[in-house]
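Worksheet: one structure, shown below.
The values are calculated or read from the model by the stated rules, or taken from the named source; none is laboratory data. This one's a predicted model, so the numbers in the text were calculated from it and none came from an experiment. When we count neighbours, we look across all protein chains shown, and the Cβ atoms used for this are built from the backbone with ideal geometry, even at glycine.
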Amino acid sequence: MLKRLVPQRGRRLAANMIEVARGRDPVAEVAALTRRARTAESQADNVIRALVERHYGACQVPPPALRLNVGMVDTELNFWSKGIASSRIALREFGTAPSAPVLDWGCGSGRTLFWLRCHPAWMTRYHGCDVDSEAIAWLQSQGYRQVEVCGDQPPLPYPDGFFGGLVAFSVLSHIHARLHRTWYEELHRVLAPGVKAYITLLGSGVASAMPTNVRTSFDRDGWAYVERAGHYKHTSMVSEAFSRAAFEGLFDVERFVVGEYGNMDTFVLRRRD
Ligand SMILES: C[S@@+](CC[C@H](N)C(=O)[O-])C[C@H]1O[C@@H](n2cnc3c(N)ncnc32)[C@H](O)[C@@H]1O
């Protein structure tokens, strides 16, 4: 009877009210479901870890605090899945046996590195650097040698033209737009002429989800910046046109794809001679 009186959109609320009237508490139900989801997530972590260890041998994941430094959540599930996605891209762009050193700029606690380590050539060619000294110390404690702490302003600790390739997953998306040109100049310096750089950025892929005030400045200026607490959790959004101007004269664009990496836009660039 009640169902017939209540329009479609109000039915769920009405159902909740009926549950309350019957003596059941919807908040308690939601809390119970949340607990079950958390348990399921930690069970998934265990299953995946067992699978990973079966195929790749005993492995350590960084502690939750370091996992949180590279993600929105600290679950192992997130650490594994984001690393699988980024390492697949690194393999697609540079192959399973890169012939020259490749830099993983802003490598964090090794989400990408974890999966690349299965390829012996990558283990000799891979270099990672990050401002997160605890993440780098943790990677070094796991036996990774070619990982270094870097500053949050140039220069990077490498000689001119040292690298034959570069990946930067979700790094410029945490650095203010006013520093992007400076960073492109530095990436240009450490890369050899003609080599490829794969860079992910927040921009058009998230435009429709931006709050109105952020969207207004993004549309007006080509960039927006939202401050957030936590390790490099500020969000820096830039338009395609802004980025093209920022690396003008330094890199040529081989490919630009909106929302290719999760909700992030990607540039595949070639370092100019
Ligand atoms: C979202 S996390 C991504 C980490 C890693 N690229 C990945 O995909 O797992 C962003 C990383 O950028 C690092 N970072 C921020 N600014 C940096 C800078 N100027 N130089 C190097 N790393 C930086 C942070 O410490 C953090 O590890």
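Taking the condition more than 15 Å from the ligand (Cβ to nearest atom), of a type in the set (K, R) and on the phi < 0 side of the Ramachandran plot, does R220 pass?
On the way: more than 15 Å from the ligand (Cβ to nearest atom): yes; of a type in the set (K, R): yes; on the phi < 0 side of the Ramachandran plot: yes.
Here the answer is yes, as R220 does meet what is asked.
Can you report the number of residues in segment 192-211 which are of a type in the set (S, T, N, Q) and either part of a strand (DSSP E or B) or crowded, with 22+ Cβ neighbours inside 10 Å (or both)? Spell out how you get there, then give the answer.
Going through segment 192-211, the residues of a type in the set (S, T, N, Q) turn out to be 200, 204, 208.
Adding the requirement that they be either part of a strand (DSSP E or B) or crowded, with 22+ Cβ neighbours inside 10 Å (or both) leaves 200.
Of the residues in segment 192-211, 1 are of a type in the set (S, T, N, Q) and either part of a strand (DSSP E or B) or crowded, with 22+ Cβ neighbours inside 10 Å (or both).
Please indicate, with yes or no, whether at least one residue in segment 70-86 is assigned to a loop (DSSP other than H, G, I, E, B) and in contact with a Pro (Cβ under 6 Å, 6 or more places away or on another chain).
So in segment 70-86, the residues assigned to a loop (DSSP other than H, G, I, E, B) come out as 70-75.
After this cut, where a residue has to be in contact with a Pro (Cβ under 6 Å, 6 or more places away or on another chain) as well, the list is 74.
Yes, the conditions are met somewhere in segment 70-86.
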For segment 196-214, indicate whether the set of residues that are in the same structural domain as P98 (by TED's automatic domain parsing), more than 17 Å from G128 (Cα to Cα) and of a type in the set (F, W, Y) is non-empty.
no
Restricting attention to segment 80-87, does a residue exist that is within 12 Å of the ligand (Cβ to nearest atom), among the charged types (D, E, K, R), closer than 30 Å to T235 by Cβ and in contact with a Phe, Trp or Tyr (Cβ under 6 Å, 6 or more places away or on another chain)?
no
Of the residues in segment 68-78 that are at pLDDT 90 or above and within 10 Å of the chain's Cα centre (by Cα), the one that is farthest from D130 (Cα to Cα) is G71
Just the residues that are at pLDDT 95 or above and in a loop (DSSP other than H, G, I, E, B), please, taken from segment 212-233.
G222
Looking at A65, A44, A58, which is the one that is among the hydrophobic types (A, V, I, L, M, F, W, C), more than 24 Å from the chain's Cα centre (by Cα) and either surrounded by 12 or more Cβ atoms within 10 Å (Cβ to Cβ) or part of a loop (DSSP other than H, G, I, E, B) (or both)?
A58
Would you be able to tell me the number of residues in segment 216-250 that are more than 22 Å from V131 (Cα to Cα) and among the hydroxyl-bearing types (S, T, Y)?
4
Filtering segment 192-222 down to residues that are within 19 Å of the chain's Cα centre (by Cα) and of a type in the set (A, V, I, L, M, F, W, C), which residue is farthest from V73 (Cα to Cα)?
A197
Cβ-Cβ distance below 7 Å, separation of 6 or more or different chains: which pairs start in segment 247-272 with a residue that is free of Cβ contacts under 8 Å to residues at least 40 places away in the same chain and end on one that is aliphatic (A, V, I, L, M) and part of a strand (DSSP E or B)?
D252/L269; V253/L269; R255/V268
For T182, indicate whether it is over 30 Å from P98 (Cβ atoms) and either surrounded by fewer than 20 Cβ atoms within 10 Å (Cβ to Cβ) or of a type in the set (G, A, S) (or both).
no
